[in-house]
Structures are given as C-alpha cells and as structure tokens.
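Colleague: Attaching a single structure in structure tokens format; questions to follow.
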Amino acid sequence: MDRITIRTPDDWHTHQRDGEMLKAVVNYTARQFRRAIVMPNLVDPVIKSADAAAYRDRIRAALTPENAGFEPLMTCYLTDTIDPDDVAQGHADGVLTAAKLYPAGATTNSDSGVTDVANIFPVLERMEAIGMPLLIHGEVTSDDIDIFDREAVFIDRILRDLVERFPKLKVVFEHITTKDAVDFVKESGPLVAATITPQHLHINRNAIFKGGINPHQYCLPVAKRELHRLALREAATAGTAKFFLGTDTAPHAQHAKESACGCAGIFNAPYALESYLAVFDEEDAIEHFEGFASLHGPAFYGLPLNEGTVTLECVEHEIPATIGGGDTLTVPFHAGETIRWRMVEA
Ligand code: DOR
Ligand code: ZN
C-alpha cells in the first residue's frame, strides 16, 4: 500500500498553550485534525467556563486562514472548590466539552489540581447526570510510590472505586502507558475509554536514558517497560472502539526541555498522523487506523463524524531537528529520524 485516505481525524488530547507559544503550535494540530480537545493546564488554569470561552477565542484567533475550520473543544480544570453549576452551565452553553481531573502535583501546571477525589464528587454527580465526560490524568502523586508504578496504583486506589461510584459517568483514561491500564479499560463497561499517545507506542523507558539523558523523550506519565509498550500497541491497533487517538502534544521551548530540571512533555503535533500510521503499518493493521483516528473518539463523545478526508502517502522523509525559532523554538518528536509516511497537503 502506498497511499491511505481516511475520514478527517480528531485529536482527543492536546496542549495548545497561550500567547506566542499558542500561535507557534496550534496550526500544526489544526492542519491534521478537524477538532481537538484542549487541555486546561495553562499557567493560570482554565477553571471557569468564561475563561474557557475566552481561551477558545484566542485559539481561533491564532488559526491561519486555511485552518479556519478547526474546532477547539474546551475543557475545564477541576479543583477542590470547583463550582458544579458553572461546569454544567458551560457544558449546556456548548463551551465546555469535558472536564479534566489532574491530581494535585501530577504534572505541568497541576498545583491547583484535586487533592482528594472525594472533593469533586458533587461535580462528578452533575457531569454523570448531563453526560459530560471526565478526562483523567491517572497517576497518584505521593513520593512513596515509584514513578513507574503511579498509573497502576492510581487504578487500584482511585479509579476502580470512582468508576463504581459513578457508573453512568463517561470516563476517558488519558494517555495510558501500562498493560494494567489497557486491561482495566477492557474490563470496564462501555463508558470507560482511553487515549494513547504516539510516543507511548514508539518508545519504552530505555529511550529516556539511551547514551545519556534524553529530555525530548520525557513526558508524564513517563514511558514504561517494553511489555507495556507492546500491550498499548495491541490495544491501539486491534480495532477496539474503547481506544482512540490523543497525542498529548505538549510543546515546551527547547531551552525549557534541555535544562537542569527539564519540563515534561513531547511536542508531537507536527507529524502526529505519520507517527501513528507508522505503528499501524509495523503491526500490519492499517485497516484499523481510521477507526482509531477518526471513528472511535466521536462515537464515545457522542459527536458527529467529520466530513472530508486526509491522505497519507508512503514516502520516506526526515523529521527536522527543530521547529520554529526564537522563544518558541521546539524539538519535535522523532527529530532527525526518517519516517515512512507523509500527509499529503490538501
Ligand atoms: O508530559 C506531559 N506534559 N504530561 C502532562 O500531563 C502535561 C504536559 C504538559 O502540559 O506539558
Ligand atoms: Zn496532557
């Protein structure tokens, strides 16, 4: 096969940032995807629905004319003191698509996150009643839990109970990284789904340390052992509706990554479809690529499928070492590597 055309896909997990970085990155997502879930972890988190509406306007204003049809799907950031009425009203108004649970301290800009999941039971009850999805960064944060075990421990200590307590709540277990998470999602009912990033399909934890510390392979949740990567590849490529595309594209300036305390996050938006398709190709599962990229996500969220198509062709090309310049110079995922697929410009 040297060309593949699929219905226009969506990205169910992105970080678009703000200000100059927003302008530098959003068109990479908008070029490949019709819609994207936008995470609320700005330096001042997006908590109120009015803040989400204003952020959505800034995103739209940063789109180039050829990407004007791109639709940012906004989320709010749950806190211990979140107002359930505001969340429900934001959803009713069409501003908020979903709400995000960051355990406090789990990742970039998560200091105002939830300290005890019981604090958000009232808002979860409302979300369950109105069919608003809960998106979860599923890691415990306590220092006594090894960083490579934090996702598995989150399932046992928090997620299993949460899903039982709110059986009609739609839950997306975001950027899963372990076989434990794959198994949990498969065993749960149809209202529990998961996104999978390109990096967790391509790399295991060795990549972070190969030949020295590699900050551009570092994200959270951190990549795990090979057995987990293989379980994720099987889950993504098997055609199961519970697993769908969410890149977790998380740009940080090169200097912020290559620092004594480098930021977590991998900027994969520029070649996201190419990166995923390489995996489906390697797994001999190209026939399941469209489901993962374009069908399973809308079905779970209850949104219409996109009109239109995108085409990728099989042509080897090299991913650039850096993207952009100045304060927004970034290093993309796969920098300097040769990749076999390339999106054909519309
Ligand atoms: O690696 C990550 N980067 N993981 C997250 O959960 C957040 C993200 C970011 O915002 O940089
Ligand atoms: Zn994320």
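The values are calculated or read from the model by the stated rules, or taken from the named source; none is laboratory data. Note that the structure is predicted; figures quoted are calculated from it, not measured. When we count neighbours, we look across all protein chains shown, and the Cβ atoms used for this are built from the backbone with ideal geometry, even at glycine.
Colleague: For segment 91-117: of the residues being exposed (fewer than 13 other Cβ atoms within 10 Å of the Cβ) and away from ligand 1 (no atom under 16 Å from the Cβ), which is nearest to the chain's Cα centre (by Cα)?
Modeller: Checking each candidate, the answer is GLY94.
Colleague: Mind checking which residues of segment 78-124 are among the hydroxyl-bearing types (Ser, Thr, Tyr) and within 16 Å of ligand 2 (Cβ to nearest atom)?
Modeller: Our first condition is that a residue be among the hydroxyl-bearing types (Ser, Thr, Tyr); within segment 78-124, this holds for 79, 81, 97, 102, 107-108, 110, 112, 115.
THR97, TYR102, THR107, THR108, SER110, SER112 - these are the residues of segment 78-124 that are among the hydroxyl-bearing types (Ser, Thr, Tyr) and within 16 Å of ligand 2 (Cβ to nearest atom).
Colleague: Further question on the same structure: Might you let me know whether segment 64-73 holds any residue that is closer than 21 Å to ILE323 by Cα and out of contact with any helix residue (DSSP H, G or I) (no Cβ under 9 Å at 6 or more places or on another chain)?
Modeller: yes
Colleague: Which of the numbered conditions does ASP143 fail, given that it passes all the others? Conditions: (1) away from ligand 2 (no atom under 16 Å from the Cβ); (2) crowded, with 18+ Cβ neighbours inside 10 Å; (3) modelled with pLDDT under 95.
Modeller: (2)
Colleague: Turning to a different aspect of this structure: Any residue at all in segment 1-18 that's assigned to a helix (DSSP H, G or I) and either over 23 Å from THR330 (Cα atoms) or within 16 Å of ligand 1 (Cβ to nearest atom) (or both)?
Modeller: no
Colleague: Would you be able to tell me the number of residues in segment 252-298 that are over 29 Å from VAL192 (Cβ atoms) and within 11 Å of ligand 1 (Cβ to nearest atom)?
Modeller: Number of matching residues: 5.
Colleague: Out of the residues in segment 19-35 that are aliphatic (A, V, I, L, M) and within 16 Å of ligand 1 (Cβ to nearest atom), which is nearest to GLY308 (Cα to Cα)? Full working, then the answer.
Modeller: Here is the first cut: in segment 19-35, the ones aliphatic (A, V, I, L, M) are 21-22, 24-26, 30.
Those still in the list that are within 16 Å of ligand 1 (Cβ to nearest atom) too: 21-22, 24-26.
Numbers: MET21: 29, LEU22: 26, ALA24: 26, VAL25: 23, VAL26: 20 Å.
Checking each candidate, the answer is VAL26.
Colleague: Please find, among ALA321, ALA278, ALA272, ALA293, the residue that is more than 16 Å from ligand 2 (Cβ to nearest atom) and closer than 30 Å to GLY94 by Cα.
Modeller: ALA293
One line per residue, one yes/no per condition, for (1) farther than 23 Å from GLU282 by Cβ; (2) in a helix (DSSP H, G or I); (3) within 14 Å of ligand 1 (Cβ to nearest atom):
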| position | (1), (2), (3) |
| --- | --- |
| GLY189 | yes, no, no |
| GLY212 | yes, no, no |
| HIS216 | no, yes, yes |
| THR247 | no, no, yes |
